[in-house]
Amino acid sequence: MTHIVGIAGSLRRGSYNLSLLRAAESLMPDGATLDVRTIAGIPLYNTDDEAAAGLPPAVAALKDAIAAADGLVLATPEYNNGIPGAFKNAIDWASRPASDIPRVFSGKPVAVIGVTPGGFGTVLAQNEWLSVLRLLGTRPWFGGRLAVPHAGKLFDADGQLTDADVRERLRIFIGGFVQSVRERQISPH
Ligand SMILES: Cc1cc2nc3c(=O)[nH]c(=O)nc-3n(C[C@H](O)[C@H](O)[C@H](O)COP(=O)(O)O)c2cc1C
């Protein structure tokens, strides 16, 4: 079994990025699961708070989920041509303490996807994640690209991904990512 964790980087109730991950969950290849998570309940990072109280429970749970996963998918919104602060904040928390980065992130295969009502599909936010993923020692997957524009036309009122073309692109993307994770499990170098 291949176990992937997906994090939707939005707090919005009707988040398109959460809906995209939920669609991916239903399109996983045989023998693979996608555990869809959000950044809900994660406070703003403050070193004083960390020193006084350690990690908030939501952060500890997210870290453990990432550490246990064979791969990670980040579904990123784009704010002002970059990573939304709330999502970056969640990963900043997950990178604490730095001594735990190897357990949680080192060598972790990571795929980045994103969807937006705008016309450019979150490409700039996706690019910005690369420097973060490099610093954390992950293995970003470059075998596919999924930057989805015009979100307003793709989902129904319940958040179901109804666009057949995007569903197929998502199926191919997630299948390719799972395949690469499996190949690495067989031959890690
Ligand atoms: C402060 C702010 C800045 C935004 N900047 C961008 C942007 O640069 N590019 C873009 O495609 N959409 C931008 N948007 C629109 C978001 O893509 C849109 O709110 C989207 O629904 C967020 O993702 P979600 O549905 O997963 O919450 C911005 C939205 C906000 C609130």
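What to note about this one:
- From phi via Karplus (6.51, -1.76, 1.60), per-residue ³J(HN,Hα) for the range 163-175 in Hz, x at Gly/Pro: 6, 5, 5, 5, 4, 5, 4, 5, 4, 5, 4, 5, x
- Stretch in the chain that is longest and holds no chymotrypsin sites (Phe, Trp or Tyr not before Pro) that DSSP places in a loop and that have at most 15 other beta carbons within 10 Å: 1-119
- Intensity falloff of the range 111-150 expressed as log10 I(q)/I(0), Debye formula with alpha-carbon point scatterers, at q = 0.21, 0.34, 0.36 Å⁻¹: -0.62, -1.12, -1.17
- Springs join every pair of Cα atoms under 10 Å in this Gaussian network model of the chain, and among T38, T47, T122 the largest mean-square fluctuation is at T47.
- Kirkwood Rh in Å, taken over the range 83-189 so that all alpha-carbon pairs contribute: 15.4 Å
- Volume per residue of the C-alpha convex hull in the chain, rounded to whole Å³: 110 Å³
- Full extension of the chain between D49 and L135 gives 28.6 nm of extra length, using 0.36 nm per residue less the Cα-Cα distance.
- Global size of the range 18-113 as Cα Rg and Dmax, reported in angstrom: 14.1, 45
- Added length on full extension, which subtracts the Cα-Cα distance from 0.36 nm per residue, R171 to D92: 25.5 nm
Read-outs throughout are calculated quantities, based only on the coordinates presented, and are distinct from any laboratory measurement. Computed from a predicted structure; not experimentally measured. In this analysis, Cβ positions are derived from the backbone assuming ideal geometry, glycine residues included, and neighbour counts consider all displayed protein chains.
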